[in-house]
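The values are calculated or read from the model by the stated rules, or taken from the named source; none is laboratory data. No experiment lies behind these values; they were computed from the predicted model shown. All Cβ positions, even for glycine, are placed from backbone atoms using ideal geometry, and neighbour counts span all protein chains on display. Protein only, heavy atoms only, side chains kept; ligands, DNA and RNA dropped before computing areas. Shrake-Rupley method; radii C 1.70, N 1.55, O 1.52, S 1.80 Å.
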There are 2 protein chains.
Amino acid sequence: MTERAKTSLAVLGATGSIGRSVLDIVGRYPDRYEIMVLAAHHNAEALAELALQHRPRHVVLTGSEAFPLLESRLSETDIHLHQGDAALLSCLDEDIDLTVNGISGIAGLLPSLRVLQHGGTLAIANKESLVAAGALLKDTCQRYDGIILPTDSEHNAIFQVWYERHVKTISHITLTASGGPFLTTPIEDFPHITAEQALRHPRWSMGPKISIDSATMMNKGLEIIEACVLFDLPEHQVEVMVHPQSVIHGMITYSDGSTLAQLGPADMRVPLSYVLAWPDRLPWLAESQDATDHPKLDFSKLDFMPLDPARFPSVELARQAWRQGGLAPCIMNAANEVAVTAFLQHQIGFADIMASVEHTLSVMSVGKEISLESVLDSNDEAMAVTRSWIAKKGK
Amino acid sequence: MTERAKTSLAVLGATGSIGRSVLDIVGRYPDRYEIMVLAAHHNAEALAELALQHRPRHVVLTGSEAFPLLESRLSETDIHLHQGDAALLSCLDEDIDLTVNGISGIAGLLPSLRVLQHGGTLAIANKESLVAAGALLKDTCQRYDGIILPTDSEHNAIFQVWYERHVKTISHITLTASGGPFLTTPIEDFPHITAEQALRHPRWSMGPKISIDSATMMNKGLEIIEACVLFDLPEHQVEVMVHPQSVIHGMITYSDGSTLAQLGPADMRVPLSYVLAWPDRLPWLAESQDATDHPKLDFSKLDFMPLDPARFPSVELARQAWRQGGLAPCIMNAANEVAVTAFLQHQIGFADIMASVEHTLSVMSVGKEISLESVLDSNDEAMAVTRSWIAKKGK
């Protein structure tokens, strides 16, 4: 057992797949971590259960409807309960060593900014905020001496083999893509794809938003932008390779012929344990007696193929938005969030998701200045434009 | 162009495949490197040509027969010419920043020790000396504050993703093996394998000794021991995986589920450029206009399979020798050197190579004490024992 103080954590999006994976690891090391803040949006039931298990100092529900349920479940504890977005931000003013942001969508932006404004360490799995407001997050990080740890599996892979001294000799980086559930579905069947089919990802078990993004491969488009932001690389140095087995997650290729890669099972606990222990590593698998902790990494056949832009136009759309610059990535991201929700609610078809995004991008001005106000305004406007287009389409 | 002094190099085994690859890279950066010493064993013709091209200060031919030829070829130059093993060691007393030891066989041991005794930096591609006298090399390195850079492609791969801080959480490392030319040859055909067939390696173009070692896979056995020495790992933490495409060269698997790997074309210039530039990288591929410098790295299908111990008993033999300890690896290596030469000279069959090694290991005492004397004595004795067994067999 170590003598040093425990690492204090804030886990945002605690009831989602990122949050649960974090807590799975953290729960194994009670002497090493303590939870300062657990936050979720609306799943009060699950949040209360996690709170009883992990005994955080603060629990925040940002949505309002289920707050009474949370209160009644945790009434016998000394845990401080809070409700709403502003309360979440206040809780992040506590003395926190590491915040894991597993919030889905643009809602993750303000909490990330707050952490960085305190010069905190932010493990960021919330790609939408990096896409919409990358420059803002990076500037804030730099100004207040914060630290951003790439946490998305592909970016974490690259982070694991990143060596600052070799950055100038990088030829390109490669993000792998499983290709999602529709890699081999005939394109003519795309209009008939249902939400239920799209939610069945062949490799990763994830929340609904990212599962649909994986099915359209907009997820990979967002990740290209995320990589440009996190690693400060031009878009043409960020390549994508389809790799259905998801064994290799990311690679750096140097102009001396070497490629360095991280490989691992399709289990978010692997990258999350890395950011939790960074700059060390946690030997959680070696210490586990649980066979389900040891998914077999099947090396036997690894396939790689180029991405088919006709099948997945989202990736080129994202590259264009990034090259266009300004608020284009923000607008694209907002339109996509609305379209994915509409698809999940059976309001539009699968192919309409990208059509919605393209439409919104085509009618809005992308501006230039990226500030918190311009990002939030453009996000709201893009959402409204997309909703209105979808509503008209539904008629 | 940089202002700092050039890196001075000694290239041992200059006319072999390692030496030529080093000189190919070095020749591209005349402002960065200068050759202090070029050495080869008997190919005076090639050595003279390389000397005229690279203008080293000293040229050494360790064999004696062809020395007059070297003298006549380089008579018009101011290059200092030397002959013999002792002269090579004296030349290594010069002010040398980096020595690349590409000598084949136990002959590489004394030069490596000399470099380390000066606290020099040694890029060691001579695996036999590491196998026969690993403890001696490591002790010398430590005592005189030298540096050993792993240069064999598999070990260099591991070195590229090695991070001292994470050593304690290593689960295991993996050396990949192409499987050589006889991966799928029916085992019953092994007695009829000729030297010419064995020299045709499917992936790598290398010297005769290492090509035969790859065919028997004793090369991988030697590399397991080399890895134990270089990375200070127990033998059971060094795994081997057959990977016919030779795209992934080596991996480190951590007990947090992450595996880090180096990938690259089967071209020794890739690991060699890394040790030449270490701790930086040389963007030699980006700067090259020569299409032959850009071997395509074909990711499309990567196969991995376990090693078949019935087909390749050499690997388990090497593990046993390492576990046995003492001079067993030295004896095994010496017997193998003699047996490979005998096979190349058509004195014994392919399957007799391992039989020779097993015989010599079974009749010699492995001792305990590893010193320069005991290593050289055991090496000589093992060679004599093997030669005598082979001579009897030939009758």
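Count Lys and Arg as plus one, Asp and Glu as minus one, and take only other residues whose Cβ is under 12 Å from that of B:Q83; the net charge is then -3. Summed over qualifying helices (DSSP H, 4 residues or more, each -39500 (n - 2.57)) and divided by its residue number, chain B shows a 222 nm mean residue ellipticity of -13000 deg cm²/dmol. Of the trypsin sites (Lys or Arg not before Pro) in region A:163-267, the ones in a loop by DSSP (not H, G, I, E or B) with at most 14 other beta carbons within 10 Å are A:R200. For region B:325-395, the normalised intensity computed at q = 0.12 Å⁻¹ comes to -0.28 (log10 of I(q)/I(0), Debye sum over alpha carbons, equal scatterers, no solvent).
Computing Rg and the Kirkwood Rh from the Cα coordinates of region A:71-229 gives a ratio, Rg/Rh, of 1.04.
For B:K301, a cut-off of 29 angstrom between C-alpha atoms picks up these lysines, skipping any fewer than 8 places away in its own chain: A:K220, A:K296, A:K301, B:K220.
About its Cα centre, what dipole magnitude does region A:7-151 give when the only charges are +1 on Lys and Arg Cβ and -1 on Asp and Glu Cβ, stated in debye to the nearest 20?
For region A:7-151, the charge dipole is close to 380 debye.
If you average the alpha carbon positions of region B:200-231 and of region A:218-244, how far apart do those two centres end up, in angstrom? For region B:200-231 versus region A:218-244, the Cα centre distance is 38 Å.
The mean accessible area for residues of the protein assembly as shown, using a 1.4 Å probe and ignoring ligands and nucleic acids, is 41 Å² per residue.
A simple charge model with +1 on the Cβ of Lys and Arg, -1 on the Cβ of Asp and Glu and nothing else charged puts the dipole of chain A at about 480 debye relative to its Cα centre. For chain B, the share of accessible area belonging to carbon and sulfur comes to 50 percent (1.4 Å probe, ligands and nucleic acids excluded). Counting only residues at least eight positions apart within a chain, or on another chain, the lysines with an alpha carbon under 19 Å from that of B:K368 are B:K138.
Ligands, DNA and RNA excluded, the heavy atoms of A:S374 present near 30 Å² of accessible surface to a 1.4 Å solvent probe.
According to the calculation over all Cα-Cα pairs in region B:228-314, the P(r) per 5 Å bin from zero is 3, 10, 15, 20, 20, 16, 10, 5, 2, 0 %. For the protein assembly as shown, the spread of Cα positions along the three principal axes, ordered from largest to smallest, is 93, 56, 51 Å. Taking the label point 7 Å along Cα→Cβ, A:D293 and its counterparts in the other copies are spaced 4.9 nm apart, in ascending order. Taken about its Cα centre, the protein assembly as shown carries a charge dipole of about 680 debye when Lys and Arg each add +1 at the Cβ and Asp and Glu each add -1 at the Cβ.
When the Cα positions of A:F312, B:L61, B:V238 are compared along the charge dipole of the protein assembly as shown, A:F312 comes out farthest toward the positive end, with charges on each C-beta of Lys, Arg, Asp and Glu.
Quick check: with the 1.4 Å probe, what order do A:M217, A:M305, A:M241 take by accessible area, largest first? Please report the intermediate quantities before stating the final value.
Values: A:M217 5, A:M305 75, A:M241 40 Å².
From most exposed to least exposed: A:M305, A:M241, A:M217.
Placing B:K301, A:K368, A:K127 in order of accessible area, with the largest value first and a 1.4 Å probe, yields A:K368, B:K301, A:K127.
Based only on Cα atoms, what Rg/Rh ratio does region A:7-151 have, Rh being taken as Kirkwood's radius?
Details: Rg = 14.2 Å, Rh = 14.9 Å.
Ratio of gyration radius to Kirkwood radius: 0.95.
Of the residues in region B:255-292, those shielded by at least 50 Å² of accessible area once partner protein chains are present, compared with the chain alone at a 1.4 Å probe, are B:S255, B:D256, B:G257, B:S258, B:T259, B:L260, B:L263, B:P279, B:R281. The candidates A:E76, B:E358, A:E34, arranged from most to least accessible area with a 1.4 Å probe in the full protein assembly, appear as A:E76, B:E358, A:E34. Projecting the Cα atoms of B:P283, B:G134, B:A215 onto the charge dipole of chain B (Cβ charges, centred on the Cα centre) puts B:A215 farthest toward the positive pole. Distances between equivalent label points of A:E316 across the copies, with each point positioned 7 Å along Cα→Cβ, amount to 5.6 nm, shortest listed first. Sorted from closest to farthest, the other copies place their A:Y144 label points 5.5 nm away, with each point set 7 Å from Cα along Cα→Cβ. Using a 1.4 angstrom probe on protein heavy atoms only, the contact between A and B buries about 3300 square angstrom of accessible area, both sides summed. Here the Karplus relation 6.51 cos²θ - 1.76 cosθ + 1.60, evaluated at θ = phi - 60°, turns the backbone of region A:240-246 into coupling constants of 10, 10, 7, 8, x, 7, 6 Hz, with x for every Gly and Pro. Projecting each Cα onto the charge dipole of chain B (Lys/Arg +1, Asp/Glu -1 at the beta carbon, about the Cα centre), which of B:L89, B:L122, B:P186 comes out farthest on the positive side? Checked the options; the winner is B:P186. Fully extending the segment from B:T77 to B:I187 would add 34.2 nm, taking 0.36 nm per residue of separation and subtracting the current Cα-Cα distance. Using the alpha carbons alone, the radius of gyration of chain B stands to its Kirkwood radius in an Rg to Rh ratio of 0.95. At the listed q of 0.10 Å⁻¹, the Debye profile of region A:231-379, built from one uniform point per Cα, gives log10 I(q)/I(0) equal to -0.56.
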